[in-house]
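A short write-up of the structure that comes next.
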Amino acid sequence: MMQLAAYAARPDNGRGRRHEEPAAFPRTEYQRDRDRIIHSSAFRRLEYKTQVFVNHEGDLYRTRLTHSLEVAQIARTLARALGLNEDLCEAISLAHDLGHTPFGHAGQDALNGCMQPHGGFEHNAQSLRVVDVLEDKYAAFAGLNLTFETREGILKHCSAARARTLGDIGERFLKRHQPSLEAQLANLADEIAYHNHDMDDGVRAGLLTLPQLRSVPLFARHHDEVRARYAQLTPRQERHETIRRIINTLVVDLNAHSRARLDAAAPASLDEVRHHAEPLIAFSPEIRAQTQAMRQFLFAHLYRHPQVHRVMSKAQRVIRELFGAFMADPRLLPASDFAKVEQVEAADGLTGRARCVADYIAGMTDRYALDEHERLFDLRRLR
C-alpha cells in the first residue's frame, strides 16, 4: 500500500460515522463507503440520468453514471501522485451526483423553482440527503451511514442558511474552513471530466465542430500538436487525440501546482489543511484562465445551443407539471411515498409535503420521469 502524506485523510483517525459500527476488516472505512455507494439504488439510477443529452437521444453519450466513473478515475490518479487517500477520493467522486435530478441542470433548475417557497432545491445538498436519509436498506440506520470525510466531500457548496441545519457537516461553511484535500481534488477532477467529455459529446451530437472548438486556446494548441504529429486521422481519432491531450495537460498542471502549494504551506495534518485560508489543490493561474475560457465556450455553444435548449425546456415542463400534480394530490404518489408524505406533513406541514415530492422527483431517471408524466397527463393512458 502506498505511503500516505501527513496531510492525507486516514480512516483510523477520521471523525467517524453518525452511527457507530464494527470495523470493516479487511476493508478500510473509506473502502466500505465506496462499496455502499456502488451498491446503492441511487448509484444504479445514474445510468439513466442526463449529463448533457437526455438518455434516449443516444447510447454513446455520457450519463451521470459514466461521468462519475470518469471523475473517480482522474481523482484516483491524482490522489496517488499527491500521496492522498485514493479510496476516499473514489468514494466522494462516485457519490457526488447521487442527488441529481432527471434532465441534468435543467431539471435541477425547474425543481429549485418549484421548491422556492419551501427552502429551494440543490442537487449537491440532495446528494448528501440521499446518503444520509433516503437510501433505506439498512436495518440499524437510515441512509448509508458514511464517514464524515466522505459526507464532507459530497457537500461541495452550501448556503449559510442550509449549513446551519446540517450540524457538524455544515460547520466549515459557517467558519470558512476548507474540506479535506481529497474533497478538493474530487471537485477539480469533476471539472476536468465534464468539460472535456461534454466537448466530446457535443461534437458527436453534431452541435459543435472542430473549427468552432479551435476558438478555445487550450483546444487549438493541442489540436495543432495532433495534426502536426499525425498526417491522416479520422475525425473521431482527431477529436479523441486532442481531448485526451487536454485532459493530460490539466492533470499534470493540477498535480504540479498543487504539489508546489502543499510544499509551500507544509500542512502537518488534515486539521491544518482545514484551517488553511484557501484551498491547496488548485490549477496554476495560466491553466485556470484557459479552463475558464473553455467553460465559457461550452455555455455559449453547447449548454445554450437551441437544440439542447428545446429539449431541456420540455424537460423542465415535465418536472414542473409532475411537482404540481403531486403537490395538489399526494395520493398520486406510490403508496410508500404517500405514507411518508402523511407522516412528514403532520410535523412540517406543506413544506414537509413539498420535500417528499422533491425527493421522489429527484430520484427519477429521465425515462421514468417521462413515463410518469405520460401516465398522469395523457388521457389515452387511463390506468
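Read-outs throughout are calculated quantities, based only on the coordinates presented, and are distinct from any laboratory measurement. For clarity, every value in this text was computed on a predicted model and none was experimentally measured. A quick note on method: Cβ atoms are made from the backbone with ideal geometry, for glycine too, and the neighbour counts reach across all protein chains shown.
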Worksheet item: How large is the dipole of segment 309-376 about the Cα centre if only Lys and Arg carry +1 and Asp and Glu carry -1, each at its Cβ, rounded to the nearest 20 debye?
Response: 300
Worksheet entry | Among 233, 298, 111, residue whose mean-square fluctuation peaks in a GNM of the chain (springs only between Cα atoms under 10 Å) | 233
Fill in: Dipole of segment 243-383, positive direction: furthest Cα of 269, 341, 376, with charges on the beta-carbon
376
Item to complete: Kindly state, to the nearest 0.05, the FRET efficiency for residue 375 paired with residue 159, given R0 = 35 Å and r defined as their beta-carbon distance.
Response: 0.50
Worksheet item: Roughly how many nanometres apart are two label points built 7 Å out from the Cα toward the Cβ at residue 69 and residue 138?
Response: 2.6
Discussion item. Which lysines, if any, have their Cα less than 16 Å from the Cα of residue 156, not counting same-chain residues under 8 positions apart?
Written reply: 175
Worksheet item: Which shape class applies to the chain: rounded if a/c is under 1.5, otherwise prolate when a/b exceeds b/c and oblate if not, where a ≥ b ≥ c are the square roots of the Cα gyration tensor eigenvalues?
Response: oblate
Response to the item:
Footprinting proxy, 229, 80: sorted fewest to most Cβ within 10 Å, the residues are 229, 80
Response to the item:
Answer in debye to the nearest 20: the dipole magnitude of segment 262-349 about its Cα centre, from +1 Lys/Arg and -1 Asp/Glu charges placed on Cβ, is 720
Worksheet, complete the sentence: So for R0 = 25 Å, FRET eff. of residue 35-residue 15 from the Cβ-Cβ r, to 0.05, ends up at 0.80
Discussion item. Suppose only helical runs count, i.e. DSSP H with n ≥ 4. What mean residue ellipticity at 222 nm does that imply for the chain under -39500 (n - 2.57) per run, divided by all residues and rounded to the nearest 500 deg cm²/dmol?
Written reply: -19000 deg cm²/dmol
Fill in: Among 180, 68, 284: highest mean-square fluctuation, GNM of the chain, C-alpha pairs under 10 Å
284
Item to complete: Can you tell me the FRET efficiency between residue 332 and residue 47 if r is taken as the Cβ-Cβ distance and R0 is 35 Å, rounded to the nearest 0.05?
Response: 0.85
Worksheet item: Within straight cross-link reach of residue 340, meaning Cα distance under 19 Å, which lysines are found once same-chain residues fewer than 8 apart are removed?
Response: 137
Fill in: Length gained when the stretch residue 177-residue 77 is fully extended (0.36 nm per residue, less Cα-Cα span)
33.4 nm
Worksheet item: Quick one: Karplus J couplings for segment 36-44, per residue in order, coefficients 6.51, -1.76, 1.60, θ = phi - 60°, nearest Hz, x for Gly and Pro?
Response: 5, 5, 4, 8, 7, 5, 4, 5, 5
Worksheet item: With the chain treated as a Gaussian network of Cα nodes joined by springs under 10 Å, which of 313, 258, 93 yields the largest mean-square fluctuation?
Response: 313
Practice prompt. Taking each pair of different alpha-carbon atoms in segment 65-158 once, compute 1/r for the pair, average those values, and report the inverse of that mean as the Kirkwood hydrodynamic radius in Å to one decimal.
Written response: 14.3
Worksheet item: Rounded, prolate or oblate: which fits segment 205-316, taking a ≥ b ≥ c as square roots of the Cα gyration tensor eigenvalues, rounded meaning a/c under 1.5, else prolate when a/b beats b/c?
Response: oblate
Discussion item. Need the full-extension length gain, residue 313 to residue 215, defined as separation in residues times 0.36 nm minus the C-alpha distance. One decimal, nm.
Written reply: 32.5 nm
Worksheet item: Tell me which lysines have Cα within less than 25 Å of residue 314's Cα, excluding those fewer than 8 residues away on the same chain?
Response: 49
